[in-house]
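Here is the structure we will look at.
The values are calculated or read from the model by the stated rules, or taken from the named source; none is laboratory data. Please read these numbers as outputs of a predicted model, since none were measured by experiment. Cβ: placed from backbone, ideal geometry, glycine included. Neighbour counts: every protein chain shown. Ligands, DNA and RNA are excluded from the accessible area calculation, which covers all protein heavy atoms including side chains. Shrake-Rupley method; radii C 1.70, N 1.55, O 1.52, S 1.80 Å.
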Amino acid sequence: KQEVTQIPAALSVPEGENLVLNCSFTDSAIYNLQWFRQDPGKGLTSLLLIQSSQREQTSGRLNASLDKSSGRSTLYIAASQPGDSATYLCAVRPNGDYKLSFGAGTTVTVRA
Amino acid sequence: NAGVTQTPKFRVLKTGQSMTLLCAQDMNHEYMYWYRQDPGMGLRLIHYSVGEGTTAKGEVPDGYNVSRLKKQNFLLGLESAAPSQTSVYFCASRDGTPEGYTFGSGTRLTVV
């Protein structure tokens with residue numbers, strides 16, 4: 001059974017600082033890994049998806065890396081802004097399946 | 001606006017009562033999912049559907065039933081609610097792409 005862990009559970013940084021969010025998974029036989037953002041009282045919004053054959057994916061200030069062999073992914077958010085305050089979840093999709101396994105998320109607060 | 005709509009947004013039930021959560025999407029997506037989100041845990045898949053008239057069990061299906069009589073609707077039923085079913089329930093739909101998930105804004109259910 002795939003276990004997905006996100007550490008830390010919560011993070012508070014001053015505006016302008018770079019954010020580093022970690023995700024680890026126990027079964028390296030994944031098809032892809034996806035990072036989502038969740039705002040309070042809202043659903044999830046997809047941020048980045050990394051295929052198992054990729055090492056990283058970038059979108060604007062966001063960069064996600066994937067090391068499948070070690071079961072790790074990292075989401076970097078450059079020059080954080082108060083609007084980046086949210087909960088960030090990672091989810092992995094296993095080979096041969098389309099059901100996602102989610103981590104519990106990291107709640108980020110960016111202080112102005 | 002196109003998207004996933006969940007009804008109701010909030011509900012309080014007494015133990016043993018029944019209810020149905022409605023998820024509606026207007027994007028013609030084939031795949032639909034019901035998740036629950038509990039504090040400190042990732043989203044867990046309850047049931048899912050790969051097309052009209054189909055349903056399948058996810059990770060935590062016990063105590064829930066689902067139906068997908070129409071492509072645009074995915075219903076989640078609780079026949080006899082228990083306090084352990086207190087949670088936030090999210091519906092999602094997906095197009096044919098790996099990253100094409102659209103989540104609803106959630107239903108917060110409390111069973112007393």
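Provide the per residue accessible area, probe 1.4 Å, for the stretch A:67-111, rounded to a whole number of square angstrom.
Values: 1710 Å² over 45 residues.
Spelled out: the 1.4 Å probe surface of the stretch A:67-111, per residue, equals 38 Å².
With each label modelled as a point 7 angstrom along the Cα→C-beta vector, the B:Lys14-B:Asn73 pair spans 2.8 nm.
When a 1.4 Å probe is rolled over the protein heavy atoms, the share of accessible surface on the stretch B:1-70 that falls to carbon and sulfur comes to 51 percent. All C-alpha to C-alpha distances of the stretch A:27-66, sorted into 10 Å bins beginning at zero, yield P(r) values of 27, 47, 23, 2 percent in whole numbers.
Please list the equivalent ellipsoid semi-axes of the protein assembly as shown, computed as the square roots of five times the alpha-carbon gyration tensor eigenvalues, in descending order and whole angstrom. It would help to have the intermediate numbers written out before the result.
Values: eigenvalues 175, 80, 53 Å².
Semi-axes from the Cα gyration tensor: 30, 20, 16 Å.
At a probe radius of 1.4 angstrom, the accessible area of chain B per residue rounds to 47 square angstrom. Rounded to whole numbers, the Karplus 3J(HN,Hα) couplings from phi for the stretch A:28-37 are 7, 7, 10, 8, 7, 10, 10, 10, 10, 10 Hz, using 6.51 cos²θ - 1.76 cosθ + 1.60 with θ = phi - 60°, and x at Gly and Pro. Residues in the stretch A:64-76 carry Karplus couplings, in order, of 10, 10, 9, 10, 5, 5, 9, x, 9, 9, 10, 10, 9 Hz; the curve used is 6.51 cos²θ - 1.76 cosθ + 1.60 with θ = phi - 60°, and Gly or Pro positions show x. Rolling a 1.4 angstrom probe over chain A with all protein chains present gives an accessible area of which 48% lies on carbon and sulfur atoms. Amide H to amide H, with H built 1.01 Å from N, B:Gly42 comes under 5 Å of A:Ala104, counting only residues 5 or more places away or on other chains. GNM on chain A, alpha-carbon springs under 10 angstrom: the most fluctuating residue among A:Arg61, A:Arg93, A:Arg72 is A:Arg61.
Where Rh is the Kirkwood radius over the Cα pairs of chain B, the temperature 4 °C and the viscosity 1.567 mPa s, what D in µm²/s does Stokes-Einstein return? Each step should come with its number before you reach the end.
Values: Rh = 13.9 Å.
The Stokes-Einstein estimate is 93 µm²/s.
Rounded to the nearest Hz, the phi-derived 3J(HN,Hα) couplings of the stretch B:93-100 under the Karplus curve 6.51 cos²θ - 1.76 cosθ + 1.60 (θ = phi - 60°) are 10, 9, 7, x, 8, x, 9, x, where x marks glycine and proline.
Across chain A, Cα pairs under 8 Å and at least six residues apart give a relative contact order of 37 percent. Rounded to the nearest 10 square angstrom, B:Ser87 shows an accessible area of 10 square angstrom against a 1.4 Å probe. At q = 0.15 Å⁻¹, what base-10 log of I(q)/I(0) does the Debye formula yield for chain A when every alpha carbon is treated as an equal point scatterer in vacuo? The calculated log intensity ratios at q = 0.15 Å⁻¹ are -0.58.
In the stretch B:15-53, comparing the full protein assembly with the chain on its own, the residues that lose 50 Å² or more of accessible surface at a 1.4 Å probe are B:Leu43.
Work out the mean other chain Cβ neighbour count within 10 Å for the residues of A:99-108 and drop it here as an integer. Can you show the working numbers first?
Working: counts 6, 9, 5, 7, 3, 7, 5, 0, 0, 0.
Partner Cβ neighbours, averaged per residue: 4.
The interface between chain A and chain B buries about 1500 Å² of solvent-accessible area in total (1.4 Å probe, ligands and nucleic acids excluded).
Going from the chain on its own to the full set of protein chains, the stretch B:77-93 has these residues losing 20 Å² or more of accessible surface (heavy atoms, 1.4 Å probe, no ligands, DNA or RNA): B:Phe90.
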